[in-house]
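Let me begin by presenting the structure, written as structure tokens, before commenting on it.
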Amino acid sequence: MKGRGLLLFSTILVLCSCNGEQQAAGKEEERLVADMTCGLDATAAGGNTYGTDCKGLYDMHSNSEFFPEIPYVKYEGPSSDNPLSYKWYNAEEVILGKKMKDWLRFSIAFWHTFRGDGGDPFGSPTKQWRWEDGTNSLAMASKRMQINFEFLKKLGVERWCFHDRDIAPEGSTIEESNANLDHIIALAKQLQEGTSIRPLWGTAQLFKHPRFMHGAATSPDIRVYAYAAAQVKKAMEVTHELGGENYVFWGGREGYQTLLNTDLKKELDHMATFLQSAASWKKKLGFEGNLLLEPKPQEPTKHQYDWDAATTMGFLQNYGLAGEYKLNLECNHATLSGHSCHHELEMARIYGMLGSVDANTGDAQTGWDTDQFLTDVSEATLIMLSVIKNGGLAPGGFNFDAKLRRESVDVEDLFIAHILGMDTLARGLRNAAKLLQEGRLTKLVDERYSTFNSPLGEAIEAGKVEFEDLEKHALEWGEPPLFSGKQELAEMIFSSYI
């Protein structure tokens, strides 16, 4: 009996094993090689439990909320002491002929908001949001996307930005990564139905994976160059599919650590060719949004090729790409390059290259890219001066490329941080509009250049005066008198509006 029992048990095991192998083979083509741990702990998932066969990967009709304790954020005015309300941002209020929401066009950064874990080079992650299950599965990615849309709706924000690998797990091949991304994009399309929510921009993450350690478009390995092109091609496709308004290139690894092993011209030429190919693909795709380059001087490379706005515009002009691209300017990147955010916006604006803004700031005592929420009203006012003079940012906007501090670990903090950032820029808009309407600062600037409001000045600005003619005037006028630049008065006028 014992022998026959063992034989029967072994036979059943063999049959089950064979049956399992046949079923696995039949499903192989549908396999998505992300971390397919579809089962979620009920507590970590906020009360939902997905089966291990991935049925109910996401529930489009669930009435449960991920943020039940957070109300829909409304405008309550400057006198409100409710931290979950807007004090300065009143979306429908009209300023200078345009609604505030159209001047500001706010966007949420998916990567910082839902993938940031509080880790830094010196410490482990501090954030384990209650909806996370500790995996990088498609189930978890689907849940994050649902959370993203609820977060947007509760804030009253209609735009969001993403890297491809932030919203969908990377597979072991390009095909598998694309399949994972398609799955999440299909969900996002369902979630945005009946709403005004669309991506402000999408982009490809070409800096985190070890394959990109030498760069992507500037890699010395042609296989990496081709891989990056395939990834950008797909990221542009899905951005277009979701109705995205722009597509961004941030070349975090497009630079060098030392010139001793670098062919500088070859790398710049390759980067230009890569961007030209992207512009060509945009046309084939029928994508009508802007292509944007995001300057940054360094970090993680010692020197990044698109150092600042002026360098990037010069690069585009040199390679005949100025008509294909505009700039996505990040305030913290501006300060890393030795400029103010206002400077970078003005440089791009006067050359018609201001496309969009990553709204954040750094810490003057730290010196690296800390990606903090912009809270300085003076800086916000200067930024909005440029935006108003530009006629707005559309189809660009203000993306909060900013993250909670390592020590901020409450769900409420996610909302408060964005509310503060939105109110800061809204207050800056109000200040800048009043400053321009009353014209005191504009008058001071105009008076400083008033000597050019003359026939000779007009001829100089039209390029119709030669050095010989100017020499005659210099001899006639003699030594020019000194006059005040009125910097202190300009600063006094500006500060009176803050």
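The values are calculated or read from the model by the stated rules, or taken from the named source; none is laboratory data. Every value quoted in this text rests on a predicted model; they were computed, and no experiment measured them. Note that we place each Cβ from the backbone using ideal geometry, even for glycine, and neighbour counts take in every protein chain shown. To get the accessible areas, we keep the full protein, side chains included, count just its heavy atoms, and leave off ligands, DNA and RNA. Shrake-Rupley method; radii C 1.70, N 1.55, O 1.52, S 1.80 Å.
With respect to THR381, determine if the residue is surrounded by fewer than 21 Cβ atoms within 10 Å (Cβ to Cβ) and at pLDDT 95 or above.
Here the answer is no, as THR381 does not meet what is asked.
Considering each residue of the range 217-256, count those that are assigned to a loop (DSSP other than H, G, I, E, B), modelled with pLDDT of 95 or more and over 21 Å from GLY289 (Cβ atoms), and give that number.
Residues that pass the stated criteria total 6.
Condition first: in contact (Cβ under 8 Å) with a residue 60 or more places away in the chain, hydroxyl-bearing (Ser, Thr, Tyr) and either more than 30 Å from GLN298 (Cβ to Cβ) or surrounded by fewer than 21 Cβ atoms within 10 Å (Cβ to Cβ) (or both). Can you find one or more residues in the range 427-449 that meet it?
There is no residue in the range 427-449 that is in contact (Cβ under 8 Å) with a residue 60 or more places away in the chain, hydroxyl-bearing (Ser, Thr, Tyr) and either more than 30 Å from GLN298 (Cβ to Cβ) or surrounded by fewer than 21 Cβ atoms within 10 Å (Cβ to Cβ) (or both).
Taking the condition under 21 Å from ASP363 (Cβ atoms) and open to solvent by 10 Å² or more (accessible area, probe 1.4 Å), does GLN298 pass?
In short, yes.
Return yes or no: is ASP102 open to solvent by 50 Å² or more (accessible area, probe 1.4 Å) and either under 21 Å from ASP358 (Cβ atoms) or in a loop (DSSP other than H, G, I, E, B) (or both)?
yes
Take the conditions open to solvent by 40 Å² or more (accessible area, probe 1.4 Å) and within 30 Å of ILE388 (Cβ to Cβ) and apply them to PHE483. Does it pass?
Criteria met by PHE483.
Filter the range 79-91 down to residues that are closer than 12 Å to ALA426 by Cα and assigned to a loop (DSSP other than H, G, I, E, B) and give me whichever is most open to solvent (accessible area, probe 1.4 Å). Lay out the reasoning, then the answer.
We begin by selecting, within the range 79-91, every residue closer than 12 Å to ALA426 by Cα; these are 86-91.
Now narrow it down to the ones that are assigned to a loop (DSSP other than H, G, I, E, B): 87-91.
Numbers: LYS87: 36, TRP88: 70, TYR89: 15, ASN90: 44, ALA91: 27 Å².
Among residues in the range 79-91 that are closer than 12 Å to ALA426 by Cα and assigned to a loop (DSSP other than H, G, I, E, B), the one most open to solvent (accessible area, probe 1.4 Å) is TRP88.
Only one of (1) open to solvent by 10 Å² or more (accessible area, probe 1.4 Å); (2) assigned to a strand (DSSP E or B) is not met by THR311, so which one is it?
It fails just one condition, (2).
Before we move on, is LEU275 of a type in the set (A, V, I, L, M, F, W, C) and either under 24 Å from PHE400 (Cα atoms) or surrounded by fewer than 22 Cβ atoms within 10 Å (Cβ to Cβ) (or both)?
So LEU275 does not fit the description; no.
For residues in the range 141-180 being closer than 20 Å to ARG105 by Cβ and part of a helix (DSSP H, G or I), which is most open to solvent (accessible area, probe 1.4 Å)?
LYS153
Would you call LEU489 closer than 30 Å to LEU436 by Cα, open to solvent by less than 100 Å² (accessible area, probe 1.4 Å), at pLDDT 95 or above and part of a helix (DSSP H, G or I)?
Values: closer than 30 Å to LEU436 by Cα: yes; open to solvent by less than 100 Å² (accessible area, probe 1.4 Å): yes; at pLDDT 95 or above: yes; part of a helix (DSSP H, G or I): yes.
For LEU489, the condition - closer than 30 Å to LEU436 by Cα, open to solvent by less than 100 Å² (accessible area, probe 1.4 Å), at pLDDT 95 or above and part of a helix (DSSP H, G or I) - is met.
Tally up the residues in the range 424-451 that are of a type in the set (A, V, I, L, M, F, W, C) and over 41 Å from the mean Cα position of the chain (by Cα), please.
Of the residues in the range 424-451, 0 are of a type in the set (A, V, I, L, M, F, W, C) and over 41 Å from the mean Cα position of the chain (by Cα).
Tell me which residues, restricted to the range 391-426, are of a type in the set (Gly, Ala, Ser), part of a helix (DSSP H, G or I) and open to solvent by 50 Å² or more (accessible area, probe 1.4 Å).
If the condition is that a residue be of a type in the set (Gly, Ala, Ser), part of a helix (DSSP H, G or I) and open to solvent by 50 Å² or more (accessible area, probe 1.4 Å), then no residue fits.
Is it true that some residue in the range 213-235 is of a type in the set (A, V, I, L, M), within 21 Å of GLY396 (Cβ to Cβ), crowded, with 18+ Cβ neighbours inside 10 Å and in contact with a strand residue (DSSP E or B) (Cβ under 7 Å, 6 or more places away or on another chain)?
yes
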